[in-house]
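Input: a single structure, listed below in structure tokens.
Read-outs: derived from the displayed coordinates by stated rules, not from any lab. Computed from a predicted model, the values in this text were never measured in an experiment. Methodologically, a virtual Cβ is constructed for each residue, glycine included, from the backbone with ideal geometry; neighbour enumeration extends over all protein chains shown.
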Amino acid sequence: MTEENVNELFRLYKETGDKNLRNVIAEKYLYIAEILAKKFVGRGVEYDDLKQVAALALLRGIDRFEPELGMQFTTFITPTITGEIKNYFRDKSRIVKLPRRLGEISARVKKFVGNYEGTHGSKPSVKEIAQALSLSEEDVVRSLEVGGTISLDSAAFSGEEDGERSLYSLLPASDDAYDKLEMKDALAAAMKNFTELERKLIAYRFRDSLSQSETAQRLGVSQMFVSRMERKLLSRLKELLKDSV
């Protein structure tokens with residue numbers, strides 16, 4: 001089916017609202033939903049559930065698509081489905097009941113981080129938070145993760161001496177930071193001397209987007225071990241890649 005034929009189907013569907021036409025379009029592009037759903041496997045949700053979320057997003061995308069604007073449907077639907085899947089994970093994480101103590105710590109940490117950013121214009125390090133609130137660094141890391149405030153673009157290092165504190169400091173701008181990383185020959189070369197454990201940690205954290213606690217469980221180590229090793233590995237990668245990307 002050519003692009004012209006697809007656009008004609010969209011035009012007819014917009015005019016008639018015939019669900020059969022929508023289903024024909026959906027069948028042609030269902031493979032995109034399946035591919036994107038598979039990218040998010042391994043994060044605590046079954047593939048069939050992810051595929052259903054992606055398929056529903058595909059149908060909604062078909063309803064919203066305007067072919068007369070000149071954009072190809074594949075270009076439009078890919079970020080649409082990805083966004084729906086990410087929203088699903090966000091909504092799912094909000095309904096998970098936190099242990100009471102961790103919830104209290106998370107609230108204290110969130111308040112401190114907000115006040116710190118308002119005063120200093122930057123995020124505090126884990127060490128600074130722990131010292132200010134008389135907490136262990138491990139408790140701070142756990143509270144940040146369950147509070148949803150740690151990500152690729154948040155504090156990845158724990159001290160001011162580390163300079164840039166984001167994984168993005170290693171890379172050019174990209175919509176999908178780890179995919180961009182993975183495509184870089186420079187990264188493959190930089191990681192060739194990493195141990196198997198180090199490679200797994202990087203893969204779990206930045207390819208599979210697992211939390212530090214989930215990564216620790218998979219590796220059979222403590223969460224603090226993961227936190228410290230992650231900082232060291234990111235620092236090494238930053239140094240190795242500074243002249244390559």
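In plain terms, the residue of V221, V6 with the fewest other Cβ atoms within 10 Å comes first and the most crowded comes last, giving V221, V6. Legend: ranking of residues L58, L12 from fewest to most surrounding C-beta atoms inside 10 Å; resulting order L12, L58.
Of K200/K238; K200/K232; K127/K232; K111/K232; K86/K238; K38/K200, which pairs sit farther than 24 Å apart, going by alpha carbon to alpha carbon? Check vs 24 Å cut-off fails for K111/K232; K86/K238. Among the GluC sites (Glu not before Pro) in region 1-53, those located in a DSSP loop and surrounded by at most 15 other Cβ atoms within 10 Å of their own Cβ are E46. If R0 is taken as 22 Å, the Cβ-Cβ distance between K19 and D48 corresponds to a FRET efficiency of 0.45.
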